[in-house]
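Please read through the structure below; I'll follow up with questions.
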Amino acid sequence: MDFSLTKKQQMIRKITREFSEEYIAHIAEESDQNSQLDPTVMKEMKRMKYFGTCIPEEYGGAGLHDDTISFCIITEEIGRIDASWSITTGVHCSVVAYPLYIFGTEEQKQEFLIPLAKGDKIGAFCITEANAGSDAGGVETNAYLDGDEWVINGSKIFATNGGIAETLLLVVKTGEKGRRKEFTVFIVDANTPGYSVGVREDKLGVRASNTSELVFQDMRVPKENDLGGIGKGFRIGLQILDYGRILMAAQCVGLGQAAIEASIKYANERVQFGQPIGKFQGIQWKIADMGVAVECSRLLTYQAAWMCDNKLDYGMIGSMAKLKASEAAMQATHDAVQIHGAYGLMKAYAVERYFRDAKMAEIYEGTSEIQRMVIAQKLLRRGY
Ligand SMILES: Cc1cc2nc3c(=O)[nH]c(=O)nc-3n(C[C@H](O)[C@H](O)[C@H](O)COP(=O)(O)OP(=O)(O)OC[C@H]3O[C@@H](n4cnc5c(N)ncnc54)[C@H](O)[C@@H]3O)c2cc1C
């Protein structure tokens, strides 16, 4: 077993770290406070192909479609500086562009994937509704076929990138067989009449990331815009989320890393009782526990990514990675605030933002309870 990163992966880490420190770090606090993604960062990210990380070059991407570890490293390094950006690019790439690459027809790739991979358009993946959160089977947004078009009615909530997206992947109900609902994923151009953006959420964390409600009123979508087949939406939706979880885990590894780095710096500088607080066992144990939790998360995340690249069933390990990494990030950021004392609660210190951002990760792309449910079901069925 070889745990070392390839030269290319090491280079990708170095370049993304330098990029994030140069272009995102100085603006992260301001973006959090005004809940806006900075347009200059957007332009630079596009130049760096961070919107097409996991897409082959022939479709305008960076060509890392078979190197999910590198995709994780990029997401981790962006997340280390600003989780609002890592969720923006992570969602765009992993649950919009990548599914289009895997399930899309050649025509769909030409029309929708290329602009997404080049960063000319932003993507959103929309499944959650008012009555369909953890229970995705509760989706009520529906579509009926009228001639050569599907007519879609309903609404989605909490869509990351929703308010800025020009291409949406929409999971809707297209029928019922007996008591079983049938779902389909549709590719939707945001300029379609009948589409509108509703409320933009004002959130606790990842505040610069756009989270919006989307409304569809008699929105007509061409028949050929289904992704992967009519009635296949539930299976495809779950596969999309499986992949997305690896990247959400990577984002949390970055966030946890940032919390540890800030804590080490502060513990070495802050003097109480005549010595740096890092000399006290109470602080040392916190730092040790943070390190263990984040390192376990990193290993699980890279394992899931490696399994994905080697065409192995990574669903359960991906869920474990997402669960472990989000809870490790929560623990590490919580301890980081504690180590900073009152300063940890102040806007002047980034750990306050890390703490709020980490909480979100325990909820989106499947809550911790749902990850435990998925893991337990797999373990009970297959054994260990
Ligand atoms: C910042 C952010 C970004 C998001 N981005 C997107 C996006 O891009 N696209 C999208 O479609 N959605 C998105 N979501 C929605 C997110 O995926 C859902 O919020 C999440 O799946 C949970 O659904 P819910 O909020 O309705 O909670 P609920 O499902 O109502 O759950 C409430 C509580 O009950 C628990 N619970 C529910 N069922 C069970 C069970 N069977 N066993 C034990 N406990 C249970 C949950 O774990 C939770 O603690 C986003 C959410 C946030 C906060």
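When only alpha-carbon atoms count, how far does the chain stretch along each of its three principal axes, as whole angstroms with the largest first?
Result for the chain: principal-axis Cα extents of 79, 49, 41 Å.
To test your reading of the geometry: what angle, between 0 and 90 degrees and rounded to tens, separates the Cα axis of helix 315-339 from the longest principal axis of the chain?
40
Hey, another quick one. Springs between alpha-carbon atoms under 10 Å, Gaussian network over the chain: tell me which of M316, M346, M48 tops the mean-square fluctuations.
Taking springs between Cα atoms under 10 Å, the residue moving most is M346.
Could you run the Debye sum over the Cα atoms of the range 235-382, one equal point scatterer each and no solvent, and tell me log10 of I(q)/I(0) at q = 0.10, 0.14, 0.17, 0.18 Å⁻¹, two decimals?
Results for the range 235-382 at q = 0.10, 0.14, 0.17, 0.18 Å⁻¹ read -0.38, -0.66, -0.87, -0.94.
While we're here: Could you work out the equivalent-ellipsoid semi-axes for the range 124-232, taking the square root of 5 times each eigenvalue of the Cα gyration tensor, largest first, in whole Å?
Gyration-tensor ellipsoid for the range 124-232: 23, 16, 11 Å.
Using 0.36 nm per residue of separation minus the Cα-Cα distance, give me the extension gain between D218 and E106 in nm, one decimal.
37.6 nm
Most fluctuating residue of V294, V151, V91 in a GNM of the chain with Cα springs under 10 Å: which is it?
V151
Kindly provide the helix-only [θ] at 222 nm of the chain, computed as the sum of -39,500 (n - 2.57) over DSSP H runs of four or more divided by all residues, to the nearest 500 deg cm²/dmol?
The helix contribution divided over the chain gives -15500 deg cm²/dmol.
Based only on other Cβ atoms within 10 Å, what is the fewest-to-most ordering of R220, R179, R353, R382?
Listing R220, R179, R353, R382 from fewest to most nearby Cβ atoms yields R179, R382, R220, R353.
Continuing with this model, one more query. At most 15 other Cβ atoms within 10 Å and a DSSP loop assignment: could you name the chymotrypsin sites (Phe, Trp or Tyr not before Pro) in the range 1-84 that fit?
Within the range 1-84, the qualifying chymotrypsin sites (Phe, Trp or Tyr not before Pro) (loop, at most 15 other Cβ atoms within 10 Å) are F3.
Taking 0.36 nm per residue of separation and subtracting the Cα-Cα distance, what length does fully extending M11 through A376 add?
So the chain would gain 127.6 nm between M11 and A376.
Next up: If you fit an axis through the alpha-carbon atoms of helix 233-269 and take the longest principal axis of the Cα set of the chain, what angle between them do you get, 0 to 90°, nearest 10?
Result, in degrees: 20.
On average over all directions, what projected area in square nanometres does the range 44-115 have, based on the convex hull of its Cα atoms?
4.4
A further question on this structure: Write down the percent of antiparallel bridges among all DSSP beta bridges whose residues are both part of the chain, to the nearest 5.
Bridges in the chain are about 85 percent antiparallel.
Looking at the range 65-186, what % of its DSSP beta bridges pair antiparallel, to the nearest 5?
About 70 percent, rounded to the nearest 5.
Let me ask you something else. Using Cβ counts within 10 Å as a stand-in for footprinting exposure, how do M11, M219 rank, fewest first?
Ordered by Cβ neighbours within 10 Å, fewest first: M11, M219.
Just to confirm the number: angle between the C-alpha axis of helix 7-19 and the first principal axis of the chain, 0 to 90 degrees, nearest 10?
Here the helix axis deviates by roughly 80 degrees.
Each reported figure results from applying straightforward, stated rules to the coordinates on display, with no laboratory input. Just so we're clear, the structure is a prediction, and the values are computed from it rather than from any experiment. Counting neighbours? That spans all protein chains shown, and the Cβs are built from the backbone with ideal geometry, glycine included.
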